[in-house]
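Read through the structure below, which is laid out as structure tokens, and then see the notes.
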Amino acid sequence: MSVPTAEGEPAEGDGHVSAPGGAASVTVRVPAKVNVQLAVGAARPDGFHDLANVFLAVGLYDEITVTPADALRITCTGPDAAQVPLDATNLAARAAIALAARHGIDPRVHIHIAKDIPVAGGMAGGSADGAGALLACDTLWGLGSSQDELLDICAELGSDVPFSLLGGAALGTGRGEHLTPIDVDGGFHWVFAVADGGLSTPTVFREFDRLAEGTDIPAPTAAPALLAALRAGDPTALAATLANDLQPAALALRPSLADTLAAGTAAGALAALVSGSGPTTAFLVKSAAEAALVANSLLGSGTCRTARVADSPARGATVVEGP
Ligand code: ATP
């Protein structure tokens with residue numbers, strides 16, 4: 001099976017697009033994430049790190065539309081589309097291939113990604129597309145997989161993919177893929193400063209290992225105070241407990257991020273941190289009105305490419321158009 005790399009146009013219309021065989025297309029919406037805590041353990045013999053990863057889904061979304069086609073192909077639109085691989089390495093393609101293989105069918109589908117999540121930004125955009133394509137194909141092909149079956153495939157695709165399917169808030173352990181959902185009472189307001197260019201997650205972990213050389217790294221654990229703040233929906237308490245062990249590594253690789261963090265804090269954010277492996281920076285704010293003010297200040301500061309406002313927790317992968 002081949003996956004052409006030529007960019008095509010998505011099917012337009014109301015989401016119900018005629019396709020060979022008369023089947024409709026299916027569109028799934030999937031959120032980005034921010035790690036409100038990312039505790040990183042020492043490198044394991046397999047090269048991965050044990051994590052205590054507190055995920056929060058935030059309201060920036062990719063939309064994945066799948067339509068029956070003669071062969072698997074991928075297209076992508078959006079501001080960062082040029083950086084998205086359109087071959088079989090794309091996590092959305094890998095998801096369709098993995099699901100089809102489990103059911104002994106051919107993944108003959110056109111996957112279109114309407115990408116709004118920054119690429120290589122530490123917001124799990126690729127993982128979102130993997131989870132979205134999985135749910136979309138499962139729906140299109142009428143497979144009716146259980147959530148546990150889908151989560152199994154997600155875990156094979158990558159550490160952050162299961163959370164993209166679930167959304168909300170969750171504690172991830174192991175490589176981050178063993179999830180315990182967390183009920184959040186209320187919501188949080190965020191501003192995200194999108195940097196120019198991405199940071200490779202493996203490179204950031206390698207820098208973490210380099211900086212940690214010769215030190216004793218404790219086993220990663222979630223902070224009880226942070227979990228309590230999250231459950232209570234208390235932004236001031238959450239601001240006091242936000243923590244990202246990858247932040248020093250991301251700052252070492254991209255020192256200019258310190259200016260972005262300082263600009264958001266000076267503009268009134270309750271707290272600022274690098275999102276996951278970066279280079280997106282995240283600012284927790286008190287209210288939607290405050291979010292707009294901080295976003296404007298960040299834009300004016302010249303320390304980021306753009307600033308986005310988002311609420312959390314957001315729903316996980318959701319079918320928004322389909323049969
Ligand atoms: P994470 O937060 O999970 O570490 P990220 O948000 O930093 O990830 P992604 O946007 O997921 O980064 O992209 C990381 C790399 O994954 C990209 O540089 C790209 O080569 C590859 N990739 C594979 N599939 C996709 C996809 N559907 N969208 C974006 N990137 C993808």
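Would you check which residues across the range 188-207 are more than 10 Å from the ligand (Cβ to nearest atom) and either of a type in the set (A, V, I, L, M) or more than 25 Å from A269 (Cα to Cα) (or both) and list them?
Of everything in the range 188-207, those that are more than 10 Å from the ligand (Cβ to nearest atom) and either of a type in the set (A, V, I, L, M) or more than 25 Å from A269 (Cα to Cα) (or both) turn out to be V191, A193, V194, A195, T203, R206, E207.
Identify the residue in the range 140-153 that is closer than 21 Å to F48 by Cβ and free of Cβ contacts under 8 Å to residues at least 40 places away in the same chain and, among all such residues, is most open to solvent (accessible area, probe 1.4 Å). Don't jump to the end; show me each part of the working.
Step one: of the range 140-153, the residues closer than 21 Å to F48 by Cβ are 151-153.
With the extra rule that they be free of Cβ contacts under 8 Å to residues at least 40 places away in the same chain, the set shrinks to 151-152.
On the way: L151: 36, D152: 88 Å².
If we take residues in the range 140-153 being closer than 21 Å to F48 by Cβ and free of Cβ contacts under 8 Å to residues at least 40 places away in the same chain, then D152 is most open to solvent (accessible area, probe 1.4 Å).
Mind checking whether some residue in the range 256-263 is surrounded by 14 or more Cβ atoms within 10 Å (Cβ to Cβ), under 21 Å from I182 (Cα atoms) and away from the ligand (no atom under 16 Å from the Cβ)?
No, because not a single residue in the range 256-263 is surrounded by 14 or more Cβ atoms within 10 Å (Cβ to Cβ), under 21 Å from I182 (Cα atoms) and away from the ligand (no atom under 16 Å from the Cβ).
Mind listing just one residue for me: the one in the range 95-132 that is over 11 Å from the mean Cα position of the chain (by Cα) and within 8 Å of the ligand (Cβ to nearest atom) and, of those, surrounded by the most Cβ atoms within 10 Å (Cβ to Cβ)?
I113
When residues of the range 82-94 are filtered for being near the ligand (Cβ under 9 Å from one of its atoms) and not in a loop (DSSP other than H, G, I, E, B), how many remain?
Looking only at that region, the number is 5.
Give the residues of the range 95-126 that are touching a residue at least 60 places away in the same chain (Cβ under 8 Å), assigned to a loop (DSSP other than H, G, I, E, B) and touching a Cys at 6+ places or on another chain (Cβ under 9 Å), sorted by residue number.
Passing the criteria: only P107.
Sort out which residues of the range 1-55 are touching a His at 6+ places or on another chain (Cβ under 9 Å), modelled with pLDDT under 95 and within 30 Å of R108 (Cα to Cα), and write them in order of number.
G8, E9, P10, A11, A19, A24
Considering only residues that are of a type in the set (S, T, Y) and in contact with a strand residue (DSSP E or B) (Cβ under 9 Å, 6 or more places away or on another chain), look in the range 67-97 and name the one that is farthest from V109 (Cα to Cα). So that I can check it myself, show each step before the final result.
Applying the first criterion (of a type in the set (S, T, Y)) to the range 67-97 yields 67, 75, 77, 89.
Filter once more, so that each one left must be in contact with a strand residue (DSSP E or B) (Cβ under 9 Å, 6 or more places away or on another chain): 67, 75, 77.
Working: T67: 6, T75: 11, T77: 17 Å.
It comes out as T77.
Looking at the range 165-211 only, could you name the residues that are in contact (Cβ under 8 Å) with a residue 24 or more places away in the chain and among the hydroxyl-bearing types (S, T, Y)?
T173, S200, T201, T203, listed by residue number.
Go through the range 66-94 and give me each residue that's open to solvent by 30 Å² or more (accessible area, probe 1.4 Å), β-branched (V, I, T) and closer than 30 Å to V191 by Cβ.
Within the range 66-94, just T77 meets the criteria.
Can you pull out every residue in the range 185-211 that is in a helix (DSSP H, G or I) and in contact with a strand residue (DSSP E or B) (Cβ under 7 Å, 6 or more places away or on another chain)? Give the derivation first.
Taking the range 185-211 as the starting set, the residues that turn out to be in a helix (DSSP H, G or I) are 201-211.
Correct list: F205, F208, D209.
The values are calculated or read from the model by the stated rules, or taken from the named source; none is laboratory data. Predicted, not measured: the structure shown is a model, and the values here were computed from it. All Cβ positions, glycine included, derive from the backbone under ideal geometry; neighbour counts span all protein chains shown. Ligands, DNA and RNA are excluded from the accessible area calculation, which covers all protein heavy atoms including side chains. Shrake-Rupley method; radii C 1.70, N 1.55, O 1.52, S 1.80 Å.
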